[in-house]
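Visitor: If you scroll down you'll find the structure; I have some questions about it.
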Amino acid sequence: MRIGKYKPSQIRKAAVAGVGVVGTLATSAVDVFTTWIPAGWAGPIASGIAFVAAIGVFLTKNAPLIDAVDEL
């Protein structure tokens, strides 16, 4: 099975890499911009970073299932 010209396993790997980049950049940005970020935003920003990490874990944990779709 292909989605466009890519297999689901390739899309999953790219998504995990992208999620890792977003999580890392978000964490770095919070550290750099702490003086400009309102105090009330800390919780939602941390929740967003945690959500991004959860997506990465989901995609990694379900890798065998997603990769099996390549054979359909």
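The values are calculated or read from the model by the stated rules, or taken from the named source; none is laboratory data. Because the structure is predicted, anything quoted here is derived from the model rather than measured. Note that we place each Cβ from the backbone using ideal geometry, even for glycine, and neighbour counts take in every protein chain shown.
Visitor: Considering only segment 5-16, state which residues are of a type in the set (A, V, I, L, M), over 12 Å from residue 53 (Cβ atoms) and touching a helix residue (DSSP H, G or I) at 6+ places or on another chain (Cβ under 9 Å).
Guide: To start, the set of residues in segment 5-16 that are of a type in the set (A, V, I, L, M) comprises 11, 14-16.
Now restrict to residues that are over 12 Å from residue 53 (Cβ atoms): 11, 14-15.
Once the filter is applied, which keeps residues that are of a type in the set (A, V, I, L, M), over 12 Å from residue 53 (Cβ atoms) and touching a helix residue (DSSP H, G or I) at 6+ places or on another chain (Cβ under 9 Å), segment 5-16 yields 11, 15.
Visitor: Which pairs have Cβ atoms under 7 Å, sit 6 or more apart or on different chains, and link a residue in segment 49-72 that is polar (S, T, N, Q) to one that is in a helix (DSSP H, G or I) and modelled with pLDDT of 90 or more?
Guide: Hits for this filter: 60/16.
Visitor: Continuing with this model, one more query. Name the residues in segment 11-60 that are over 8 Å from the mean Cα position of the chain (by Cα), among the β-branched types (Val, Ile, Thr), in a helix (DSSP H, G or I) and surrounded by 13 or more Cβ atoms within 10 Å (Cβ to Cβ), would you?
Guide: Residues satisfying the conditions are 11, 27, 30, 45, 49, 60.
Visitor: Further, regarding this structure: I'd like the full set of residues that are under 13 Å from residue 67 (Cα atoms) and of a type in the set (D, E, K, R), limited to segment 1-16.
Guide: Passing the criteria: 2, 7, 12, 13.
Visitor: Still on this model: Under 6 Å by Cβ, and 6 or more places apart or on different chains, what pairs join a residue from segment 24-36 that is at pLDDT below 80 with one that is surrounded by 13 or more Cβ atoms within 10 Å (Cβ to Cβ) and not small (Gly, Ala, Ser)?
Guide: That search, which allows pairs on different chains as well, returns nothing.
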